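*Asks:* What follows is a structure written as structure tokens; I'll ask about it next.
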Amino acid sequence: MKFEDLQFKPHPAFSGAPTFDATATQARHDFPNKYGVSIITGTNAYSSPPDAPYEVAIMHDGNIVYNTPLTEDVEVVAKRRSPQSKDMVCIAKIGHCNQARVQELLDAVEKLEGKK
């Protein structure tokens with residue numbers, strides 16, 4: 001997957017929300033190994049526009065994961081209680097990415113060994 005082939009669309013979580021961010025966009029891509037990426041931009045992204053406007057989350061089977069070699073040292077940007085359980089959930093993303101870093105992550109995620 002090449003960065004240029006990503007399809008950025010309005011971010012669904014911010015569309016029509018009270019904290020509407022007209023600049024928020026998201027691109028998602030899933031690889032055959034069941035891993036994927038969610039890449040967002042906009043004022044709610046953990047980013048540094050214009051030089052590093054992207055925030056990347058690593059996904060597995062459609063859920064954000066933190067137990068990969070790519071996410072073991074990501075910065076925890078918030079903690080909250082999970083609505084599904086009483087456990088604390090870390091909200092950690094790979095932020096402040098430029099286009100070259102996003103491409104590195106795309107290449108690395110595609111090479112991750114698929115979980116069983």
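*Asks:* How many of the residues making up the stretch 11-60 are modelled with pLDDT under 90 and either on the phi > 0 side of the Ramachandran plot or surrounded by 16 or more Cβ atoms within 10 Å (Cβ to Cβ) (or both)?
*Replies:* Number of matching residues: 10.
*Asks:* Return the pairs, sorted by first residue and then second, in which the second residue is among the aliphatic types (A, V, I, L, M) and surrounded by 15 or more Cβ atoms within 10 Å (Cβ to Cβ), the first residue lies in the stretch 21-37 and is assigned to a loop (DSSP other than H, G, I, E, B), the beta carbons are less than 7 Å apart, and the residues are 6+ apart or on different chains.
*Replies:* Within 7 Å, the pairs are 24/40; 31/109; 33/112.
*Asks:* State the number of residues belonging to the stretch 46-75 that are more than 9 Å from residue 94 (Cα to Cα) and outside any loop (DSSP other than H, G, I, E, B).
*Replies:* 6
*Asks:* List the residue pairs whose Cβ atoms are under 9 Å apart, where the first residue sits in the stretch 92-116 and is loosely packed, with under 15 Cβ neighbours inside 10 Å and at pLDDT 95 or above, the second is assigned to a helix (DSSP H, G or I) and not charged (D, E, K, R), and the two are 6 or more positions apart or on different chains.
*Replies:* Note: pairs meeting the criteria are 99/3; 100/3.
The values are calculated or read from the model by the stated rules, or taken from the named source; none is laboratory data. A quick note: this is a predicted structure, and the numbers were derived from the prediction, not measured. No Cβ is skipped: glycine too gets one built from the backbone with ideal geometry, and neighbour counts run over all protein chains shown.
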